[in-house]
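A short write-up of the structure that comes next.
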Amino acid sequence: MIIHDISMNIHPKMTVYKNRDGKRPILTQSAVFEKDGVNETNLTMNLHTGTHIDFPLHTMNRGKDSNHHELKTFLGMAKVFDLSFVNDHITLNDIQSFDIEENDFVLFKTKNSEVEAFDFNFIYLDLSAAQYLKERKIRGVGIDALGIERNQPNHPTHDVLLGNNIIILEGLRLKGIEAKRYEFICLPLKIDDVEALPVRAILIENE
Ligand SMILES: [Zn+2]
């Protein structure tokens with residue numbers, strides 16, 4: 001069995017969305033072994049930092065939150081598609097020849113996975129591609145950027161996907177990952193009533 005970890009490492013100097021300091025995780029030691037007999041750490045972190053899932057509540061005020069998704073959404077089979085040829089954004093044309101079926105979880109590998117620093121011109125998914133994924137009735141879509149869209153007014157890509165209960169997985173790291181089918185797990189933490197949650201995303205290959 002080969003396990004590919006496609007998650008970001010979480011640490012104070014990690015890459016965060018638009019390099020905003022408020023998105024950086026803050027780790028503070030609340031107990032020190034020499035003084036307290038144990039080590040303990042507090043974490044303060046935006047839920048969209050690192051590899052995470054966006055739930056409908058993120059862009060729609062009455063959208064479903066983290067409590068309203070079955071666990072089976074977050075595991076099963078995923079299909080990785082290679083979109084390394086895309087230079088700015090993913091459109092319907094780029095993906096309509098792909099084998100995308102109902103209930104699929106699709107992961108899009110782009111040039112973003114080659115870059116470690118935050119790229120203000122990261123590859124994003126446009127509205128035409130989002131509408132196509134809606135028509136295909138997939139259950140989730142992942143991308144190797146900290147956002148699935150960049151500066152689109154009124155975030156139409158988010159709304160089309162989240163409005164149709166297609167969860168969005170952002171912040172994947174897909175460098176070196178072959179485009180094919182994998183067993184897939186991206187379990188979110190069990191935090192109630194929120195719009196996003198960090199996940200540890202992995203792909204599994206059985207030999
Ligand atoms: Zn997000």
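Taking first residues from the range 147-167 that are at negative phi and acidic (D, E) and partners that are within 15 Å of the ligand (Cβ to nearest atom) and assigned to a helix (DSSP H, G or I), the Cβ contacts under 7 Å between residues at least 6 apart in sequence or on separate chains come to E149/T157; E149/H158. Only a single item in (1) of a type in the set (S, T, Y); (2) under 17 Å from the mean Cα position of the chain (by Cα); (3) more than 16 Å from the ligand (Cβ to nearest atom) is not met by T59, and it is number (3).
Whether a residue is surrounded by 11 or more Cβ atoms within 10 Å (Cβ to Cβ) and out of contact with any helix residue (DSSP H, G or I) (no Cβ under 7 Å at 6 or more places or on another chain) was assessed, and P25 passes this test.
Among D5, D65, D82, which is the only one that is within 16 Å of the ligand (Cβ to nearest atom), of a type in the set (D, E) and in contact (Cβ under 8 Å) with a residue 40 or more places away in the chain? D65 is the lone residue from the list that is within 16 Å of the ligand (Cβ to nearest atom), of a type in the set (D, E) and in contact (Cβ under 8 Å) with a residue 40 or more places away in the chain.
Got a sec? Which of M45, M77, M60 is closer than 21 Å to L169 by Cα, exposed (fewer than 12 other Cβ atoms within 10 Å of the Cβ) and in contact (Cβ under 8 Å) with a residue 24 or more places away in the chain?
M77 is the lone residue from the list that is closer than 21 Å to L169 by Cα, exposed (fewer than 12 other Cβ atoms within 10 Å of the Cβ) and in contact (Cβ under 8 Å) with a residue 24 or more places away in the chain.
Only one of the numbered conditions (1) among the charged types (D, E, K, R); (2) away from the ligand (no atom under 14 Å from the Cβ); (3) touching a residue at least 60 places away in the same chain (Cβ under 8 Å) is violated by E170, and that is (2). When H89, H69, H48 are screened for being more than 26 Å from H11 (Cβ to Cβ), under 17 Å from the mean Cα position of the chain (by Cα) and at pLDDT 95 or above, only H89 passes.
The values are calculated or read from the model by the stated rules, or taken from the named source; none is laboratory data. Remember, it's a predicted structure, so these values are computed and weren't measured experimentally. Every residue, glycine as well, gets a Cβ built from its backbone with ideal geometry; the counts of neighbours run over all protein chains shown.
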